[in-house]
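The values are calculated or read from the model by the stated rules, or taken from the named source; none is laboratory data. Predicted model, so just to flag it, every value in this text is computed and none were measured. Cβ placement follows ideal geometry from the backbone for every residue including glycine, while neighbour counts extend to all protein chains displayed.
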């Protein structure tokens with residue numbers, strides 16, 4: 001039988017306002033992104049939603065820093081746009097171009113120390129949809145909003161995700177043995 005007392009984060013009780021506030025901030029940020037994109041590219045919106053999770057659930061993480069959020073998404077946007085001009089006349093060619101956009105973005109993010117995993121989704125979303133003014137605007141508005149909120153509220157944001165190995169529960173201890 002599962003021990004449900006360990007199924008939930010033990011830090012929730014005393015810090016529930018942080019959990020609620022930070023989840024609401026993420027929701028508002030994603031709403032603004034969706035309004036800006038007008039559902040023109042849900043893949044890019046999904047990558048920005050993943051960024052919202054990173055920024056508001058793990059604000060102390062290096063991937064939540066302004067440099068990584070803005071830099072990573074700009075790299076993803078750039079390579080998605082660049083590879084969208086490559087010929088994509090067959091399904092295999094499309095898949096190859098999509099994969100190259102993600103790989104080039106990953107290489108550049110790691111080379112420039114702007115690693116932000118959700119930004120790989122931006123590269124993929126842009127190369128699939130093509131680079132439009134609406135998509136560029138959506139990415140820029142989204143990353144600017146997320147980075148500014150993170151910068152302004154960082155002193156009160158709390159890491160909601162255990163990021164250090166000693167903070168994690170041992171998975172074998174989560175359930176009682178029969």
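Just to be sure before I move on: is residue 80 touching a helix residue (DSSP H, G or I) at 6+ places or on another chain (Cβ under 7 Å) and closer than 30 Å to residue 61 by Cα in the structure I sent? Yes, satisfied. Within the set 50, 104, the sole residue that is closer than 28 Å to residue 158 by Cβ and in contact with a helix residue (DSSP H, G or I) (Cβ under 9 Å, 6 or more places away or on another chain) turns out to be 50. For residue 110, the criteria (1) in a loop (DSSP other than H, G, I, E, B); (2) modelled with pLDDT of 90 or more; (3) surrounded by fewer than 18 Cβ atoms within 10 Å (Cβ to Cβ) hold in every case but one, which is (1).
If only residues of the stretch 93-107 that are loosely packed, with under 14 Cβ neighbours inside 10 Å and over 19 Å from the mean Cα position of the chain (by Cα) are counted, the one that is farthest from residue 73 (Cα to Cα) is 93. Residue count for the stretch 119-140 satisfying the condition of being in contact (Cβ under 8 Å) with a residue 60 or more places away in the chain, in contact with a helix residue (DSSP H, G or I) (Cβ under 7 Å, 6 or more places away or on another chain) and surrounded by fewer than 22 Cβ atoms within 10 Å (Cβ to Cβ): 4. Just wondering, is there one or more residues in the stretch 159-175 that are under 30 Å from residue 20 (Cβ atoms), in a helix (DSSP H, G or I), within 21 Å of the chain's Cα centre (by Cα) and at pLDDT 90 or above? Checked against the condition, which is being under 30 Å from residue 20 (Cβ atoms), in a helix (DSSP H, G or I), within 21 Å of the chain's Cα centre (by Cα) and at pLDDT 90 or above, the stretch 159-175 yields no hits at all. Residues being under 18 Å from residue 149 (Cβ atoms), surrounded by fewer than 18 Cβ atoms within 10 Å (Cβ to Cβ) and within 14 Å of the chain's Cα centre (by Cα) are represented in the stretch 27-49 by at least one member. Summed over the stretch 36-90, residues that are assigned to a helix (DSSP H, G or I) and under 19 Å from residue 130 (Cα atoms) total 22.
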